[in-house]
Structures are given as structure tokens and as C-alpha cells.
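The values are calculated or read from the model by the stated rules, or taken from the named source; none is laboratory data. Nothing here was measured: the structure is a model prediction, and the numbers come from that model. Every residue, glycine as well, gets a Cβ built from its backbone with ideal geometry; the counts of neighbours run over all protein chains shown. To get the accessible areas, we keep the full protein, side chains included, count just its heavy atoms, and leave off ligands, DNA and RNA. Shrake-Rupley method; radii C 1.70, N 1.55, O 1.52, S 1.80 Å.
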Amino acid sequence: MAKTYQPKPSMTTRSQWGATAPSCTLPNLAKSSVTQIVVHHCASNNTSVSNRTENQHQKWLQDYFKSINYCDLAYHFTIGKNGTILEGNPSNKVGYHAGNANSYSIGVSVHGNYEDRSFTAIQESRLVNLLAWLCYDFNIEPSKIVGHKDISATLCPGKNVYSRMHAIRNAVFAKLYPD
């Protein structure tokens, strides 16, 4: 069964949120090698997330990851507190989000700590749209969308996102295969 076309959702580009260039050469990530999408939360302090704009938090994340010797922001895409989708690490480059899975996965994160913070309907809707496009673009089945905790010993993406993963995969499936 062929997937139904999914358009690229509207998103804030790296230049719009003030990204700086990667601090080292990022390894290439071949589209054909991507077999999985890993969903994360950045586990950031929720007060800090609330006190920053989404663009400011994205820039803070990039600066944080560079400060611990990553080349760039760890995730390929993020979803802000208000549901804005933001570009992160270029999707044709290996991310730094899931250990051994980095070489075959795309990383998507939600701003904040979702052990404590509520995951809103608008964030979930935007995440579904992003994941549907990524599944279409990279030819990935929705069953290959996982939470970080499915592949590593971590609480990520937080209980308030993780509890929605089955519904998220089902919603992505419904968009890709509407019949």
C-alpha cells in the first residue's frame, strides 16, 4: 500500500531562530539509511522554557550542546512549548540524540521536561504532522516511531509524551494511509 503524500509542515528555519554554524564537520546521514524516528523531550527546566521564546530556547539548546562538545544541536527537529516546529541539526547529517541509533535515525524533541510538564493538544498535533511528513519523506513506517526510552535506559521522552506514543503512531498511520 502506497503512502499518501504528506507536505512538509511549516517550521522555523535555523536562520530564523539564530542558529550558528556547526562547530565541527557533521557526518552525512544518507536518507536511505534512516529506518527509525526517535521522539525525545529535552528535559529542560520548565521554568526556563516558560521564560524563553521558542526561538530563544532553541538557541539555548544549540549553545548547551556545543558546550558539551557536540557539533550542533542534538536533534533534527524540535517542537516548542506553543507547538512551533523548529529545524535543528540538518536532517542530512547524523544527530547526537540516541547513542548507537544516531546513524540510522532522525531525532525529534519537545521543549521541556515531560515528566512534569503537560503535553498539549497543539504540540501533539504538530508532532503528528511532522512525523507524518518524515515518514513519507524517509519512507519509514509509523511502527518505527519510538520513544527514546524504547532504545535506551532513560525516562525520555517523559511520561506525558510517552503515554501518547501509541496514539501518535496511530494518528501518523491514519494520515499516511487514510483508506
For region 1-29, which positions are part of a loop (DSSP other than H, G, I, E, B), more than 20 Å from Lys66 (Cα to Cα), in contact with a strand residue (DSSP E or B) (Cβ under 9 Å, 6 or more places away or on another chain) and open to solvent by less than 40 Å² (accessible area, probe 1.4 Å)? Pro9, Met11
Regarding Asn113, is this residue of a type in the set (S, T, N, Q) and either outside any helix (DSSP H, G or I) or touching a strand residue (DSSP E or B) at 6+ places or on another chain (Cβ under 9 Å) (or both)? yes
Anything in region 85-128 that is among the hydroxyl-bearing types (Ser, Thr, Tyr) and either touching a Ser or Thr at 6+ places or on another chain (Cβ under 6 Å) or over 26 Å from Tyr177 (Cα atoms) (or both)? List them, or say none. Tyr96, Ser103, Tyr104, Ser109, Tyr114, Ser118
For the subset of region 121-179 comprising residues that are within 24 Å of Met1 (Cα to Cα), outside any helix (DSSP H, G or I) and not charged (D, E, K, R), which member is most open to solvent (accessible area, probe 1.4 Å)? Asn139
Kindly provide the set of residues from region 121-158 that are hydroxyl-bearing (Ser, Thr, Tyr), closer than 19 Å to Lys175 by Cβ and more than 14 Å from the chain's Cα centre (by Cα), ordered by number. Tyr136, Ser143
Select from region 95-110 the residues that are hydrophobic (A, V, I, L, M, F, W, C) and in a strand (DSSP E or B) and list them in ascending order. Ile106, Val108, Val110
Kindly evaluate Asn89 against the criterion of being open to solvent by less than 40 Å² (accessible area, probe 1.4 Å), of a type outside the set (Phe, Trp, Tyr), in contact (Cβ under 8 Å) with a residue 12 or more places away in the chain and over 25 Å from Pro7 (Cα atoms). no
Pairs, please: C-beta under 8 Å, at least 6 apart or cross-chain, first residue touching a residue at least 12 places away in the same chain (Cβ under 8 Å) and closer than 18 Å to Phe119 by Cα and in region 141-156, second of a type in the set (A, V, I, L, M, F, W, C) and open to solvent by 70 Å² or more (accessible area, probe 1.4 Å)? Lys149/Leu155
How many of the residues making up region 92-120 are free of Cβ contacts under 8 Å to residues at least 60 places away in the same chain and crowded, with 24+ Cβ neighbours inside 10 Å? 1
Restricting the search to region 42-54, which residues are buried (at least 18 other Cβ atoms within 10 Å of the Cβ) and polar (S, T, N, Q)? Ser44
Could you check region 55-86 and list, in sequence order, the residues that are open to solvent by less than 10 Å² (accessible area, probe 1.4 Å) and assigned to a helix (DSSP H, G or I)? His57, Gln58, Leu61, Gln62
